[in-house]
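Colleague: Dumping the structure here so I can ask a few things about it.
The values are calculated or read from the model by the stated rules, or taken from the named source; none is laboratory data. Because the structure is predicted, anything quoted here is derived from the model rather than measured. When we count neighbours, we look across all protein chains shown, and the Cβ atoms used for this are built from the backbone with ideal geometry, even at glycine. Each accessible area value is taken on the protein alone, full model and side chains, heavy atoms only, with ligands, DNA and RNA left out. Shrake-Rupley method; radii C 1.70, N 1.55, O 1.52, S 1.80 Å.
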Amino acid sequence: TQLLEQSPQFLSIQEGENLTVYCNSSSVFSSLQWYRQEPGEGPVLLVTVVTGGEVKKLKRLTFQFGDARKDSSLHITAAQPGDTGLYLCAAIISSGSARQLTFGSGTQLTVLP
Amino acid sequence: KAGVTQTPRYLIKTRGQQVTLSCSPISGHRSVSWYQQTPGQGLQFLFEYFSETQRNKGNFPGRFSGRQFSNSRSEMNVSTLELGDSALYLCASSPVWNTEAFFGQGTRLTVV
């Protein structure tokens, strides 16, 4: 079982449509990150949310951290083909003195022209 | 500022061989992490190094190992390659221990 569950797994939409993808967990996180990965490239950090209820905007992308800091959403307004990619949420998981960045399974978004 | 550089970009190896992948982090970054990405399992954490010390290790067999040098460059080694080791291996660097990660383009390893 994934610690971070992302939905939907795949999403194909037309240019100009709006969409929301979700990242859910039963655990509480001190922060949560969103990355986008394009084919043949490594993931690129989009945003970090740290406060429960926090909303951050990055042009047409709106990120929200749940009040209980267990979940997050990414909303894209008027999607464009350039938004195509794999969207990954990630959280730093601590175990004793060890910490690691753990990723969700991702949402593969395709925006058709 | 140069990004994270991984070499080689593509690699084809035969079962049973061993392979070494290299990662040069962003200048000034002391933390380097390695991940394996496959279609079925997604991004899986391999290990993380900070100041030449392995701080954390994921749930991978002992065939997977790594090290970090004094200049923060890192290598990972996979011995006795199996078909299932075919994957994109990603390296990420962070300014300090496991904060926001900056990824390289990855090394695509194919085991035949």
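Colleague: Take the stretch A:13-41 and flag every residue that is among the small types (Gly, Ala, Ser) and either at pLDDT below 95 or open to solvent by 80 Å² or more (accessible area, probe 1.4 Å) (or both).
Modeller: A:Ser25, A:Ser26, A:Ser27, A:Ser30, A:Ser31, A:Gly40
Colleague: What is the residue count in the stretch B:4-15 for residues that are open to solvent by less than 50 Å² (accessible area, probe 1.4 Å) and part of a loop (DSSP other than H, G, I, E, B)?
Modeller: Selection size over the stretch B:4-15: 2.
Colleague: Please determine, by comparing only the residues of the stretch B:76-110 that are of a type in the set (A, V, I, L, M) and open to solvent by 10 Å² or more (accessible area, probe 1.4 Å), which one is nearest to the other protein chains (Cβ to nearest Cβ). Spell out how you get there, then give the answer.
Modeller: Quick first cut of the stretch B:76-110, residues of a type in the set (A, V, I, L, M) only: B:76, B:78, B:81, B:83, B:87-88, B:90, B:92, B:96, B:101, B:109.
Filter once more, keeping what is open to solvent by 10 Å² or more (accessible area, probe 1.4 Å): B:83, B:88, B:96.
Details: B:Leu83: 22, B:Leu88: 9, B:Val96: 11 Å.
The qualifying residue nearest to the other protein chains (Cβ to nearest Cβ) is B:Leu88.
Colleague: Could you please give the count of residues in the stretch A:5-37 that are closer than 24 Å to B:Ala101 by Cα and within 14 Å of chain B (Cβ to nearest Cβ)?
Modeller: 14
Colleague: Let me ask you something else. Exactly one of these conditions fails for B:Arg73: (1) open to solvent by 60 Å² or more (accessible area, probe 1.4 Å); (2) in contact with a Pro (Cβ under 8 Å, 6 or more places away or on another chain); (3) in contact (Cβ under 8 Å) with a residue 60 or more places away in the chain. Give me its number.
Modeller: (3)
Colleague: Looking at B:Arg67 and the list (1) more than 20 Å from B:Thr5 (Cα to Cα); (2) open to solvent by 50 Å² or more (accessible area, probe 1.4 Å), which single condition is not satisfied?
Modeller: Just one mismatch for B:Arg67, condition (1).
Colleague: Moving on to the next point. One residue is enough: does the stretch A:47-66 have a residue meeting the conditions facing another protein chain (nearest Cβ under 9 Å), within 21 Å of B:Ser94 (Cβ to Cβ) and either open to solvent by less than 40 Å² (accessible area, probe 1.4 Å) or out of contact with any strand residue (DSSP E or B) (no Cβ under 8 Å at 6 or more places or on another chain) (or both)?
Modeller: yes
Colleague: Against the conditions (1) within 14 Å of chain A (Cβ to nearest Cβ); (2) part of a strand (DSSP E or B), where does B:His29 fall short? Just the number, please.
Modeller: Condition not satisfied by B:His29: (2).
Colleague: Just wondering, is there one or more residues in the stretch B:21-43 that are modelled with pLDDT of 95 or more, farther than 19 Å from B:Phe102 by Cα and over 10 Å from the mean Cα position of the chain (by Cα)?
Modeller: no
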